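Report on one structure; see the data block that follows.
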Amino acid sequence: MTDSENLAREPIPIPKGLYDILPVEQEGALSWRNVHYWQYVEEMIRKTVAHYGYREIRTPMFERTELFARGVGEASDIVTKEMYTFIDKGGRSMTLRPEGTAPVMRSFVEKRLDTLAPVHKLFYMGPMFRYERPQAGRYRQFHHFGAEAIGVRSAEQDVELIDMIYTLYSRLGIKGLSLYLNTVGDVESRKNYRNALQSYLRPHLSDLSADSKKRFEENPLRILDSKDRNDRAIVAEAPSIHDYLTERCMEHFSSVRSYLERLKIPFHIEPKLVRGLDYYTDTVFEFVAGELGAQDTVGAGGRFDSLIRDLGGPNLPGVGFATGIERVIQTMVAQGIPFPARPVVDFFLIPLGERARGVCFEILCSLRREGIPSDMDLTGKKLKVVMKHADRAGVKHVVVVGDNEIEAGKVEVQEMATGKKRAVDLADIIQSILKGKND
């Protein structure tokens, strides 16, 4: 065998920063990669959004690069550092979606959804892509559940979204989450605050990180979002945007806080919370869980009243959020929250011999058509080995069929948990099982 043939037989590893979600349970730190956990959380998401009147939208996994440059912000870290961008065969620049809001708004504008109704409430679930250094809670492919409400500018709409994600977290049993709340105001508020912030930062400019020095002219508010320890120490005494809000912005933020208090949703005001996307206006918020360490934000969002217009659409207000599904499940696992038992096979058929295989296969298909989770052994291994596998898989009932059972026209249905057996006529096995399920 040649070296090239040997190389072709080598296993091909998964790319860095990605992971598989498996149908088998894993122990320890990898236990959150159990597909049953994901299915449970996704099912709870769909139930919750239905109660709030949100409908699903599905957008492509890649879009034209200019959508994110214009929508997310050319100076944002996502656009400047983290996007997976490629040139297609037509010479066009395309990007794997790094977030979900811009694609949803692109679809809203392009399909003229504003002509169909005055208000739209949309949600999405799916993979996003960012080129980042892989670490706990941060991956190059990750999954978001997000929701967007378009057409209403009121504080009630902001709080409805916060209440929806808060309700989802509560239904999943997550404890100890902290909601951090702020406002980044409107264009006039930010213009006044920008000048004040630059005046404060200018004497410290030489001590700022390289990223913050660049942001000083492009978008100084993003310096408040810096993770650099020295930057954070410098901005600790920076002026607050709350001192530069217009009257309308102050009233909106006051109403948001008032509704949260009325709904008994606890929150903390964080004046330096600005989020990492440039399209936010007025309300911004984050839900934080201590179990995730440095990457402790579970979900976040805010208002984006100019984004639809900036993408070429009508001048409509919007507000939305996204929560990382990985981070939700990791938090649940870290807190020891029990997940529902995974679905198991109700009836497992074990044929002994070729004649019995045909009989069992016919019974198997009939059971499945009746909606009963069923399976059968096709390995032909020894009965003891197959029974051990069935027990390990959590099978509820086992039916062994051999020549003797076929000749006698009777089989025994064994309950695995108790070992109890009951005789059933082979010709009436489907009816007998259905009757037992209904009793």
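Under a point-charge model restricted to the Cβ atoms of Lys and Arg (+1) and Asp and Glu (-1), what is the dipole moment magnitude of region 23-99 relative to its Cα centre, in debye to the nearest 20?
Dipole magnitude for region 23-99 comes out near 320 debye.
The chain: longest stretch without exposed GluC sites (Glu not before Pro) (DSSP loop, at most 10 other Cβ within 10 Å), sites themselves excluded?
Result, exposed sites excluded: 28-236.
Given the pairs K47/K89; K388/K410; K47/K384; K384/K435; K388/K437; K381/K421, which are separated by over 31 angstrom at their Cα positions?
K47/K89; K47/K384
How many angstrom lie between the Cα centre of region 299-336 and the Cα centre of region 179-194?
18
Considering amide H positions built from the backbone, and no H for Pro or chain starts, which residues 5 or more places from K410, or on another chain, come under 5 Å of its amide H?
Result for K410 returns L426.
Calculate one ³J(HN,Hα) per residue across region 404-418 by plugging θ = phi - 60° into the Karplus curve 6.51 cos²θ - 1.76 cosθ + 1.60, and present them in order as whole Hz with x for glycine and proline.
Computed from phi, the couplings for region 404-418 are 4, 5, 5, 5, 7, x, 9, 10, 10, 9, 9, 7, 5, 5, 10 Hz.
If you wrap a convex hull around the alpha carbons of the chain, what volume per residue comes out, as a whole number of Å³?
Spread over its residues, the Cα hull of the chain gives 228 Å³ apiece.
Name the residue from V298, L352, I337 whose Cα lies farthest towards the positive end of the charge dipole of region 230-372, charges +1 on Cβ of Lys and Arg and -1 on Cβ of Asp and Glu.
Ranked along the dipole, the leading option is L352.
Consider just the alpha-carbon atoms of region 1-121 and return their Rg together with their Dmax, both in angstrom.
Spelled out, the Cα radius of gyration and Dmax of region 1-121 are 20.3, 68 Å.
Who wins for biggest fluctuation among A69, A149, A393 in a Gaussian network model of the chain, springs between alpha carbons below 10 Å?
A393
Counting only other residues whose beta carbon sits under 12 Å from that of F321, what net charge do I get with K and R as +1, D and E as -1?
Around F321, the surrounding residues sum to -4.
Hand me the trypsin sites (Lys or Arg not before Pro) from region 1-108 located in a DSSP loop with no more than 11 other Cβ atoms within 10 Å, in residue order please.
Qualifying residues, ordered by number: R9, K16, R58, K89, R92.
Quote the charge dipole size of the chain about the Cα centre in Debye, to the nearest 20; the model charges only the Cβ of Lys and Arg (+1) and of Asp and Glu (-1).
Approximately 220 debye in magnitude.
Count the net charge of all other residues whose Cβ sits under 11 Å from the Cβ of E56, scoring Lys and Arg as +1 and Asp and Glu as -1.
+4
How large is the translational diffusion coefficient of region 129-226 in µm² per second when you combine the Kirkwood radius over alpha carbon pairs with Stokes-Einstein at 25 °C and 0.890 mPa s?
The calculation lands on 142 µm²/s.
Taking the Cα centre of the chain as the origin and placing charges on Cβ (Lys, Arg +1; Asp, Glu -1), which of L426, L245, P103 is farthest toward the positive end of the dipole?
Value computed over the given set: L426.
Quick one: check the C-alpha center-to-center distance for region 371-439 versus region 240-259, whole angstrom.
Cα centroid of region 371-439 versus Cα centroid of region 240-259: 67 Å apart.
Per-residue HN-Hα couplings for region 215-232, Karplus 6.51 cos²θ - 1.76 cosθ + 1.60 at θ = phi - 60°, whole Hz, x for Gly and Pro?
Listing the rounded values in order: 6, 4, 8, 6, 7, x, 4, 5, 5, 5, 8, 4, 8, 5, 4, 5, 4, 5 Hz.
Relative contact order of the chain, please, whole-number percent, based on alpha carbon pairs below 8 angstrom and at least 6 residues apart.
It rounds to 15 percent for the chain.
I need the calculated FRET efficiency for the pair R232 and Y19, taking r as the beta carbon distance and R₀ as 30 Å, to the nearest 0.05.
Calculated value: 0.45.
What does the highest-first list of 379-387, 304-312 look like by mean Cβ count within 10 Å?
The densest-packed peptide leads the list: 304-312, 379-387.
Calculate the dipole size of region 222-365 relative to its Cα centre from +1 charges on Lys and Arg beta carbons and -1 charges on Asp and Glu beta carbons; express the result in debye to the nearest 20.
320
In whole Å, what three semi-axes, largest first, describe the equivalent ellipsoid of region 308-439 built from its Cα gyration tensor (square root of 5 times each eigenvalue)?
Working from the Cα gyration tensor, I get semi-axes of 47, 19, 15 Å.
Quick check: at a probe of 1.4 Å, how many percent of the accessible area of region 231-288 sits on carbon and sulfur atoms?
48
The values are calculated or read from the model by the stated rules, or taken from the named source; none is laboratory data. Treat the numbers as computed from the prediction; the structure is a model and nothing was measured. FYI the Cβ positions are ideal-geometry reconstructions off the backbone, even for glycines, and counts take in every protein chain you see. Heavy atoms of the whole protein, side chains included, go into the accessibility calculation; ligands, DNA and RNA do not. Shrake-Rupley method; radii C 1.70, N 1.55, O 1.52, S 1.80 Å.
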